[in-house]
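Working notes for the structure below.
The values are calculated or read from the model by the stated rules, or taken from the named source; none is laboratory data. All of these numbers come straight from a predicted model, not from anything done at the bench. So basically every Cβ, Gly included, is an ideal-geometry build from the backbone, and we count neighbours across all protein chains shown. Heavy atoms of the whole protein, side chains included, go into the accessibility calculation; ligands, DNA and RNA do not. Shrake-Rupley method; radii C 1.70, N 1.55, O 1.52, S 1.80 Å.
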Amino acid sequence: MIFRSLIYFPSAMTVLALLINSFANADSRPPNIVVIMADDLGYGDISSYGADSIQTPHIDKLASEGHRFTSGYCSASTCTPTRYSFLTGTYAFRKKGTGIAPPNSPALIKAGTPTIASILKQSGYRTAVIGKWHLGLGEGKPEWNGALKPGPLEIGFDHCFLLPTTNDRVPQVYVQDHHVLNLDPKDPLWVGKQKPSDDHPTGMTHRSTLKMDWSHGHNSTIHNGISRIGFYTGGHTARFRDEDLSDKWVEQSIKWIESNQNNPFFLFFSSHDLHVPRVVHERFQGITQLGPRGDAIAELDWCVGQLTETLDRLKLSENTLVVFCSDNGPVMDDGYVDDAIEKQGNHRPAGPYRGGKYNVYEGGTRTPFITRWPGTIPSGESDAMVCTIDLAASCAALANAKMPEEACLDSFDVLDALLGKKNAQGRDHLVQQDNGTGGNYGLRVGNWKLLRHDSKRTKNTELRLKPRQVAPYTLYDLSNDPGERTNVIKDHADVAEKMKQQLANIIAAGRTRQIAPNK
Ligand code: NG6
Ligand code: CA
C-alpha cells in the first residue's frame, strides 16, 4: 500500500501541477494577434464578399471559420492616414501632414507615441511589422545610408522588415530594423526629388523600354523596367525585384512567428498587394481573368493561406486572433497601364458601394473585415460597425493592457463585436476621411451618412479624372440607399443639422474616446 502510494503520489502531484499550470497558462497568456492589412482592396474584391470573377479560397476560409463583417471600415480612403489611425488609435485628420507620405518623409508618428504595438509590448507581447510601412522614417528625412530612426522600433515594434513607402515610390530596398538590408557602403543610396544628372534614365526619356507603362505620374527613376515616383541612385546590391515582395513578406513572417511562438505575439502583416505597380510573382501572372489587379488579389490570397497554414502547423491557431482588413477602398487606374479597367468586366471592386480610394463615399473605406479565432469566435456574420482604428483599444482590452488616458484618442473597445458575441454593439458613429486634412469627411451614425466637403470638391477614384463639384453637405440613408445615390438632405434637414453639429463637435473636441469615470 505504502509502496503503491509512493509510486502514485508523485505522479498524481505531477498531473495536478500540470493541470494547474495549463489552466494558469490558458488564463494568463493572452492570444497572439495577427493583423493582415491588404492594400487598396475593395469591399467587392473577394469571393466571400460577392466577387464572382475571382476566387479567394484562403480569405474565404478565414471568413467561414470566423466572423465576416459587413460594416467593417478603415479610417481613410488612402494608405498613410489609415495606417496612422490604426497604429495610434487617433483620427489622422487631427494631425497635419498625415496624408500620403513621399519617399523622403520623416517618421510621422513621434518616437514614444503610444500605439497598438507599444501597448501590447508593455503587456509582454513580442511585436513586429512586416511589409509596407508608408509612415516615414527618420528625423527630418531618412538617413538611407545610416540608422533609419525613429521608425517602427521607436513606437513599440521589436522588429520590422519593411518596404519603406509604396512600391511605386523610390527606393526599392528592404529596411530591416534600423538599416537598409544588403547595402554596400561603396555604393551609397541617394533618394531625391530632382533628376540627379542629365543622363539619368526616366520613364519620360526611356518610355519605350518599360515593361509596364505609366498612365499618370510615375515617370521618374526606372527600376526593374518600371518607372517610379521620385529619383534614386546607388544601393544596387540592396534592390529587390517587385515580383518577390510577397514571397519575402511571407518568408520573413514565418521566420518571425517560429522564433516568437513561445510568447504572445503581435504581427502586423502589411501586404503591398494590390497597390500599383501590380507586378506579382511569375507564378501568379495571368492566373485570373482580371489582369494584374486580379492576379495581385490571388497573390494576396496565397499569402493569407501561408500565414494560416503556419499557425496551424505550429498549433497556434486556437490561440491566435487573426484580423483581415484593408487600408482603403479600390482604384482601377492608379498610374500604370495594367489593364485594370479593360479587364474589369462585371467585377465590382467596391461591391454595392459608391466611390473608392481617395473619396469619402462608402466605397472608400468600407472594406472586407474578418476576424478568426477558432474555438472562441463563432462562425458567422455581423453588421456591427467596426473600424481598424478600434483595434488598438480592442486588442488592449483583449490583452488586459493599460491604455494611457492621452493615447488612442478615437479608438473604441469593440472587442465583443470583434469576437462575434451575440448582440454585441459596434460603434454608434464613425468619421471617415480622405487623404489629407482638407475637410472631406463622412460621418456615419446608424444608417445615416453625412458627407462634408469643405472644398466643395471630391476626388474621383481615378486620379486622371478631374475632381467633381459637390455640395458642401449631403445626406444619404444607407438603409435603402447603400450606394449613396439620393441626397435626402432637404427631406431630413433635422437629421442633417444634428449630424453636422456632431461632426463639428468631434473635430473640435480633439478626442472621441471617453475616459472611464473611475480612472
Ligand atoms: C498617389 C499616386 C498613386 C498612389 C497613391 C498612394 C500619382 C499620380 N498617384 O499620389 O499611384 O501611389 O498616391 O496610394 O502619383 S496609397 O494607397 O499608398 O495611399
Ligand atoms: Ca492603399
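The test for being of a type outside the set (Asp, Glu), within 16 Å of ligand 1 (Cβ to nearest atom), in the same structural domain as Leu418 (by TED's automatic domain parsing) and surrounded by fewer than 22 Cβ atoms within 10 Å (Cβ to Cβ) holds for Val337. Taken together, Asp481, Asp454 contain a single residue that is modelled with pLDDT under 95 and acidic (Asp, Glu), which is Asp454. Screening Gly131, Gly136, Gly146, Gly151 for residues that are open to solvent by less than 10 Å² (accessible area, probe 1.4 Å) and out of contact with any helix residue (DSSP H, G or I) (no Cβ under 9 Å at 6 or more places or on another chain) leaves exactly one candidate, Gly151.
The helices (runs of 4 or more DSSP H) found wholly in the stretch 37-128 and carrying at least 2 residues that are surrounded by fewer than 24 Cβ atoms within 10 Å (Cβ to Cβ) and more than 16 Å from ligand 1 (Cβ to nearest atom) occupy 57-65, 116-122.
Checking each residue in the stretch 266-314 for being closer than 27 Å to Leu135 by Cα and of a type in the set (D, E, K, R) picks out Asp273, Arg278, Arg293, Asp295, Glu299, Asp301. Every listed requirement among (1) of a type in the set (Phe, Trp, Tyr); (2) within 27 Å of the chain's Cα centre (by Cα); (3) open to solvent by 60 Å² or more (accessible area, probe 1.4 Å) is met by Tyr473 save one, (2). Out of all the residues in the stretch 291-318, which are open to solvent by less than 10 Å² (accessible area, probe 1.4 Å) and either part of a loop (DSSP other than H, G, I, E, B) or at pLDDT below 95 (or both)? Hit for the stretch 291-318 is Gly291, nothing else.
Listed here are the residues, each with its yes/no results for (1) loosely packed, with under 14 Cβ neighbours inside 10 Å; (2) part of a loop (DSSP other than H, G, I, E, B); (3) within 16 Å of ligand 2 (Cβ to nearest atom).
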{"position": "Lys186", "(1), (2), (3)": "yes, yes, no"}
{"position": "Val191", "(1), (2), (3)": "no, no, no"}
{"position": "Ser197", "(1), (2), (3)": "yes, yes, no"}
{"position": "Thr205", "(1), (2), (3)": "no, yes, no"}
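Checking each residue in the stretch 234-283 for being open to solvent by 30 Å² or more (accessible area, probe 1.4 Å) and farther than 26 Å from Asp338 by Cα picks out His236, Thr237, Glu251, Ile254, Lys255, Glu258, Ser259, Gln261, Asn262, Asn263.
Take the conditions (1) crowded, with 20+ Cβ neighbours inside 10 Å; (2) closer than 20 Å to Tyr84 by Cα; Ile370 misses just one of them, which is (2).
Taken over the stretch 129-161, residues that are within 16 Å of ligand 1 (Cβ to nearest atom) and free of Cβ contacts under 8 Å to residues at least 40 places away in the same chain amount to 2.
Residues in the stretch 285-328 that are in contact with a helix residue (DSSP H, G or I) (Cβ under 8 Å, 6 or more places away or on another chain) and within 16 Å of ligand 1 (Cβ to nearest atom): Ala296, Leu300, Cys325, Asp327, Asn328. Out of all the residues in the stretch 482-501, which are open to solvent by 60 Å² or more (accessible area, probe 1.4 Å) and within 19 Å of Glu362 (Cβ to Cβ)? Across the stretch 482-501, the qualifying residues are Arg485, Thr486, Asn487, His492.
Within the stretch 329-380, the set of residues being within 22 Å of Gln469 (Cα to Cα) and within 13 Å of ligand 2 (Cβ to nearest atom) comprises Gly329, Pro330, Val331, Asp334, Gly356, Lys357, Tyr358, Gly364, Thr365. Among the conditions (1) under 26 Å from Gly66 (Cα atoms); (2) within 23 Å of the chain's Cα centre (by Cα), the only one that Arg354 does not satisfy is (1).
Per-residue answers, yes or no, for (1) in a loop (DSSP other than H, G, I, E, B); (2) touching a residue at least 40 places away in the same chain (Cβ under 8 Å); (3) open to solvent by less than 10 Å² (accessible area, probe 1.4 Å); (4) under 30 Å from His492 (Cβ atoms):
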| site | (1), (2), (3), (4) |
| --- | --- |
| Leu391 | no, yes, yes, no |
| Pro404 | yes, yes, no, no |
| Ala407 | yes, yes, yes, no |
| Ala424 | yes, yes, no, yes |
| Gly438 | yes, no, no, yes |
| Leu463 | yes, yes, no, no |
| Asn480 | yes, no, no, yes |
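Selection of first residues in the stretch 171-194 that are polar (S, T, N, Q) and of second residues that are open to solvent by 40 Å² or more (accessible area, probe 1.4 Å) and at pLDDT 95 or above, restricted to Cβ pairs under 6 Å at least 6 apart or on distinct chains, gives the following pairs, ordered by first then second residue: Gln172/Arg239; Asn182/Thr237. Whether any residue in the stretch 340-359 is within 16 Å of ligand 1 (Cβ to nearest atom), under 21 Å from Val414 (Cβ atoms) and either free of Cβ contacts under 8 Å to residues at least 12 places away in the same chain or buried (at least 24 other Cβ atoms within 10 Å of the Cβ) (or both) is what I want to check. So far as the stretch 340-359 goes, no, none of its residues is within 16 Å of ligand 1 (Cβ to nearest atom), under 21 Å from Val414 (Cβ atoms) and either free of Cβ contacts under 8 Å to residues at least 12 places away in the same chain or buried (at least 24 other Cβ atoms within 10 Å of the Cβ) (or both). Residues of the stretch 224-233 that are more than 16 Å from ligand 2 (Cβ to nearest atom), open to solvent by 10 Å² or more (accessible area, probe 1.4 Å) and either of a type outside the set (Phe, Trp, Tyr) or free of Cβ contacts under 8 Å to residues at least 40 places away in the same chain (or both): Asn224, Gly225, Gly230, Thr233.
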